[in-house]
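Values in this text are rule-based calculations from the coordinates and carry no lab data. These numbers come from a predicted model, not from an experiment.
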Amino acid sequence: VQFRLWVDLTKQAWSSKLVDLAENGCDTVLPTSWDVVKARERVVWTAQLYFIQGEVAVARLRDAGLELAKTDDAESAQGELVTTVNESFLAAVKLGLDLKDAWIVVNGVTYLWNYYLPILREKRFAELLPELQECFDALKEINADEAVLMCHIADTLAKALEHTFLIAKQPTDE
């Protein structure tokens, strides 16, 4: 009962854009893990809270005037928030895979895709290689009926691999 109350409180806080309260709810509830078979509904709620946690981190980035891009300083405010965004949405995707619920996987991948669009428009594909790979693998594993999303992720993943290869091949200034 207490878990469900926290879930409802957190979802309502986020829908009301009460960022601090939504963040506190996520911090309170998300350390809890559930058995996928015995507590399926709670696992779905947990995935939904990971979505909220990711959105809260994006809101914090935007409020600070920062972009959703990795930094050299992972311990900076931007670095920590970017890590939270990536880890939150990918944690929800992983729960979707565990549950074999395509909608959770597709929603997590879609969140990341949409939030990454500004970086992708700048053709900074290599920065997102690990996340793109995880998204592609998840969509492939769940065999989601999302051909357009799958093609976008596959195309962008190919570009990220190509850019990573070309960057590694550049001569160093020594």
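Key figures
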read-out: Folded to 0 to 90 degrees: helix 147-169 orientation relative to the chain principal axis, Cα; value: 50
read-out: Note, ³J(HN,Hα) from phi for segment 28-34, Karplus 6.51, -1.76, 1.60, rounded to Hz, x at Gly and Pro; value: 6, 8, 5, x, 7, 10, 10
read-out: Calculated from backbone phi, Karplus (6.51, -1.76, 1.60) coupling profile of segment 118-123 in Hz, x at Gly/Pro; value: x, 5, 5, 5, 8, 6
read-out: Listed pairs K17/K70; K11/K38; K123/K159; K94/K140; K94/K159 exceeding 18 Å between Cα atoms; value: K17/K70; K11/K38; K94/K159
read-out: Expected 222 nm ellipticity per residue - DSSP helices of 4 or more, -39500 (n - 2.57), all of the chain, to 500; value: -25000 deg cm²/dmol
read-out: Rg/Rg_ref, the chain, where Rg_ref = 2.2 N^0.38 Å and atoms are Cα; value: 1.10
